[in-house]
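Enquirer: I have a structure I would like to understand better, so I am pasting it below and will then ask my questions one at a time.
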Amino acid sequence: MHFQEISTGAQNDLYRATDIARTMVREYGMSEKLGPITFERERRPLFLETIMPPGTKDYSETTAQEIDREVSLLLERAHTRAREILEQRRETLEKVAHVLLEKEVIEGDELRQFLNNAAKQDSSPEHD
């Protein structure tokens, strides 16, 4: 956001976010459009207690496309919300970025302190 560039630094975050969104839609039924249904399940032989490798899908190509659209929608909404939060907290973002440029790492306690101070500043009368 600061440099108005896209970098490869968030690749793992995007991978994990996509995996979570796909799991939400396919396994947990967390899709408004597709409803509370599971599209993925473990494959087990009928009489053996072993887990089989995934087989063919139990749904059509059309449903697969709908799943992909729902996953994309979840990710787009999350991205929009994250940008809104970062824009609202731009001053704190700039401070944290400055510290990261100097130190490269911010430990949990120090980050919590930044965020707590920012929350106090946002609720002060001069910010209204």
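The values are calculated or read from the model by the stated rules, or taken from the named source; none is laboratory data. Since the structure is predicted, the reported quantities are computational estimates derived from the model, not experimental observations. Don't worry about glycine lacking a Cβ; one is built from the backbone with ideal geometry, like all the others, and counts go over all protein chains shown. All accessible areas refer to the heavy atoms of the entire protein, side chains included, with ligands and DNA or RNA removed. Shrake-Rupley method; radii C 1.70, N 1.55, O 1.52, S 1.80 Å.
Enquirer: Can you give the FRET efficiency for ILE85 and ASP58, using 1/(1 + (r/R0)^6), R0 = 30 Å, r = Cβ-Cβ distance, to the nearest 0.05?
Expert: Working from the Cβ atoms, E equals 0.20.
Enquirer: Calculate one ³J(HN,Hα) per residue across the range 28-35 by plugging θ = phi - 60° into the Karplus curve 6.51 cos²θ - 1.76 cosθ + 1.60, and present them in order as whole Hz with x for glycine and proline.
Expert: Once θ is set to phi - 60°, the couplings for the range 28-35 become 9, x, 9, 9, 4, 6, 8, x Hz.
Enquirer: Sort ILE6, ILE67 by accessible area with a 1.4 Å probe, largest first. Can you show the working numbers first?
Expert: Numbers: ILE6 170, ILE67 5 Å².
In descending accessible area the options line up as ILE6, ILE67.
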